[in-house]
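Asks: Submitted below is the structure of interest, expressed as structure tokens.
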Amino acid sequence: MVFDTPSPSRKDNFFDANFEIFEEVLMEDYVIDIEAENKEIRKRYRALLRACKPTLKKGDKQMIRKAFELALESHKDMRRKSGEPYIYHPIAVAQIAAEEIGLGPTSIVCALLHDVVEDTSVTLEDIEAQFGKKVAKIIDGLTKISGVFDPNSSIQAENFRKMLLTLADDVRVILIKLADRLHNMRTMEFMSRHKQLKIASETSYLYAPLAHRLGLYAIKSELEDLSMKYTDPDTYKFIS
């Protein structure tokens, strides 16, 4: 699946054309303001570019834009549990990767695309054709991690070892996955109680220790705090 990348001079036309893909939708008891959402998407994307600016080299901005365009197109019909456009999530993951972890342009591209292969019709071959083998390999690792855990069973040591094998292959896979998990934990209030407990337990058991091992102490602490918010809300309220 190949999407043409517009030249910088067509920037405004690109945004106008692509943000028109969202149709006004009635969700439960409120109507989504598509114009406001489109404005918010533009705002978040520009904030991401500002966060990436210190590490950008020639051609990087165009590659990030290309990844954003593909993510926007691929997730255009998807929404989060909150009702928000799904594209908010990959932008947020990329923002965390840039601002809170300090990752570079390749990782930002992968963060924007981290759910594309798993959740849409885009294939790894499409990713490799557009972004190269390095990006495709990281996306493949992220997709495999998502399949490591069986939602119907408890976390096992073997699954943990699989994660570490991926870590040894390319640490950026784990770093982007940590950014993904952190954003999901920050926005988990719309999930069912059962899912909140499962994800929170998984986070405290696996992702927080991984963050600690990688020296991401602030992220490790926040993951632990957010896990406690759902697994032990009384204690969380008492100490917060």
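Asks: Looking at (1) at pLDDT 95 or above; (2) among the aliphatic types (A, V, I, L, M); (3) crowded, with 20+ Cβ neighbours inside 10 Å, can you tell me which one Ile174 breaks?
Replies: In the conditions (1) at pLDDT 95 or above; (2) among the aliphatic types (A, V, I, L, M); (3) crowded, with 20+ Cβ neighbours inside 10 Å, Ile174 misses (1) alone.
Asks: Right, here's the next one. Yes or no: Val93 closer than 21 Å to Glu189 by Cβ and either of a type in the set (Phe, Trp, Tyr) or buried (at least 23 other Cβ atoms within 10 Å of the Cβ) (or both)? Explain how you work it out, then say what you get.
Replies: Working: closer than 21 Å to Glu189 by Cβ: yes; either of a type in the set (Phe, Trp, Tyr) or buried (at least 23 other Cβ atoms within 10 Å of the Cβ) (or both): yes.
Yes: the conditions hold for Val93.
Asks: With the checklist (1) within 18 Å of Val173 (Cα to Cα); (2) touching a residue at least 24 places away in the same chain (Cβ under 8 Å) in hand, flag the one item Ala218 doesn't pass.
Replies: Among (1) within 18 Å of Val173 (Cα to Cα); (2) touching a residue at least 24 places away in the same chain (Cβ under 8 Å), the lone unmet condition for Ala218 is (1).
Asks: While we're on this one: For the range 86-104, does any single residue satisfy the condition of being out of contact with any helix residue (DSSP H, G or I) (no Cβ under 7 Å at 6 or more places or on another chain), modelled with pLDDT of 95 or more and within 24 Å of Asp33 (Cβ to Cβ)?
Replies: Yes, the range 86-104 contains a residue that is out of contact with any helix residue (DSSP H, G or I) (no Cβ under 7 Å at 6 or more places or on another chain), modelled with pLDDT of 95 or more and within 24 Å of Asp33 (Cβ to Cβ).
Asks: Tell me, yes or no, whether the range 1-20 has at least one residue that is surrounded by fewer than 14 Cβ atoms within 10 Å (Cβ to Cβ) and either modelled with pLDDT of 95 or more or closer than 28 Å to Glu189 by Cα (or both). Walk me through it before giving the result.
Replies: First, the residues of the range 1-20 that are surrounded by fewer than 14 Cβ atoms within 10 Å (Cβ to Cβ): 2, 4, 7-13, 16-17, 20.
Retained after the next criterion (residues that are either modelled with pLDDT of 95 or more or closer than 28 Å to Glu189 by Cα (or both)): none.
Checking the range 1-20: not a single residue is surrounded by fewer than 14 Cβ atoms within 10 Å (Cβ to Cβ) and either modelled with pLDDT of 95 or more or closer than 28 Å to Glu189 by Cα (or both).
Asks: Mind listing whichever residues of the range 102-121 are surrounded by 20 or more Cβ atoms within 10 Å (Cβ to Cβ) and not in a loop (DSSP other than H, G, I, E, B)?
Replies: If the condition is that a residue be surrounded by 20 or more Cβ atoms within 10 Å (Cβ to Cβ) and not in a loop (DSSP other than H, G, I, E, B), then Ser107, Ile108, Val109, Cys110, Ala111, Leu112, Val116, Val117 are the ones that fit.
Asks: Turning to a different aspect of this structure: Answer yes or no: is there a residue in the range 194-207 that is at negative phi, without any contact (Cβ under 8 Å) to a residue 24 or more places away in the chain, surrounded by fewer than 17 Cβ atoms within 10 Å (Cβ to Cβ) and not in a helix (DSSP H, G or I).
Replies: no
Asks: One residue is enough: does the range 180-188 have a residue meeting the conditions at pLDDT below 65 and touching a Leu at 6+ places or on another chain (Cβ under 8 Å)?
Replies: no
Asks: Additional query: With the condition kept exactly as written, say whether any residue in the range 60-75 is modelled with pLDDT of 95 or more, part of a loop (DSSP other than H, G, I, E, B) and either out of contact with any Ser or Thr (no Cβ under 8 Å at 6 or more places or on another chain) or under 22 Å from His183 (Cα atoms) (or both).
Replies: Yes, the range 60-75 contains at least one residue that is modelled with pLDDT of 95 or more, part of a loop (DSSP other than H, G, I, E, B) and either out of contact with any Ser or Thr (no Cβ under 8 Å at 6 or more places or on another chain) or under 22 Å from His183 (Cα atoms) (or both).
The values are calculated or read from the model by the stated rules, or taken from the named source; none is laboratory data. Quick caveat, the model's predicted, so the values are computed rather than measured. Here the Cβ is made from the backbone with ideal geometry for all residues, glycine too, and neighbour counts use every protein chain on show.
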